[in-house]
Amino acid sequence: MNFIEAIRSGFNNYFNFKGRASKSAFWYFLLFEFIYFFIAGFLLGMVGVNDDIFAVATIFLVLPIAIPGIAVAARRIHDFGKSGWMQCIFIPGFVIDEFLGTGMVIWFVTFVIFAIYCSQNGTNGKNKFGTKPKK
């Protein structure tokens, strides 16, 4: 699966939390999310918006991307035979970082652990979530 196919698949399966996703589909969609938010943040910075407008704009920028990102992550976790809800195990790390104000250190460590978790090889053949996805 290439970059464009992964983005198309992510949006075509916007609310699809069933089935499996390949590593390439997950990582390309994650790359798309990073590029999307980098460009959006850069443009908001160039315009010179204040903090209040930035907070509101962030909500509107996250809405179209958050659900397909969560769905792709759930399908990726399904690929190695675990429940898509397993991605919620990493939420406390993100929340703790916000409360402790550690400068995103705990967030980064949590993200790295999540990335390693999602880098596992999928189960060969069929598992309880469906057949093995195409590359």
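The values are calculated or read from the model by the stated rules, or taken from the named source; none is laboratory data. This is a predicted model, so every value here is computed, not measured. Virtual Cβ from ideal backbone geometry, glycine too; neighbours counted across all protein chains shown. Just so you know, the surface numbers come from the protein's heavy atoms only, side chains and all, with ligands and any DNA or RNA stripped out. Shrake-Rupley method; radii C 1.70, N 1.55, O 1.52, S 1.80 Å.
When ligands, DNA and RNA are left out and all protein chains stay put, how many square angstrom of accessible area per residue does the chain have with a 1.4 Å probe?
Averaged over the residues of the chain, the accessible area is 64 Å².
How large is the helix-only mean residue ellipticity at 222 nm for the chain, computed as the sum of -39500 (n - 2.57) over DSSP H runs with n ≥ 4, divided by its residue count, in deg cm²/dmol to the nearest 500?
-22000 deg cm²/dmol, from helical runs alone.
Before anything else, pin down the relative contact order of the chain: Cα pairs under 8 Å, at least 6 apart, normalised by residue count, whole percent.
34
Rounded to whole Å, give me the distance from the Cα center of region 34-54 to that of region 66-129.
Rounded to whole Å, the Cα centres lie 26 Å apart.
Counting only chymotrypsin sites (Phe, Trp or Tyr not before Pro) that sit in a DSSP loop (anything but H, G, I, E, B) with at most 13 other Cβ atoms within 10 Å, what is the longest stretch of the chain containing none of them?
16-135
Rounded to a whole number, what % of the accessible area of region 2-135 do carbon and sulfur atoms account for, probe 1.4 Å?
Using a 1.4 Å probe with all protein chains present, region 2-135 comes out at 72 percent carbon and sulfur.
Past the 20 angstrom mark, what percentage of all C-alpha to C-alpha distances in the chain do you count?
For the chain, the fraction of Cα-Cα distances above 20 Å is 53 percent.
Top mean-square fluctuation among 67, 113, 59, Gaussian network model of the chain, C-alpha springs under 10 Å?
In the Gaussian network model the winner is 59.
Any idea what angle helix 3-12 forms with the longest principal axis of the chain, computed on alpha-carbon atoms, 0 to 90 degrees, nearest 10?
90
Enter the angle in degrees (range 0 to 90, nearest 10) between the Cα long axis of helix 23-47 and the first principal axis of the Cα atoms of the chain, meaning the one along which they spread out most.
Long axis of 23-47 versus the principal axis of the chain: about 10 degrees.
Which angle between 0 and 90 degrees, to the nearest 10, do you get for helix 51-79 versus the longest principal axis of the chain when only C-alpha atoms count?
The helix 51-79 is inclined about 10 degrees to the chain.
Which is farthest toward the positive dipole end of region 23-92 among 44, 84, 30, measuring Cα position about the Cα centre, with Cβ charges +1 (Lys, Arg) and -1 (Asp, Glu)?
Sorting the options by dipole projection puts first 84.
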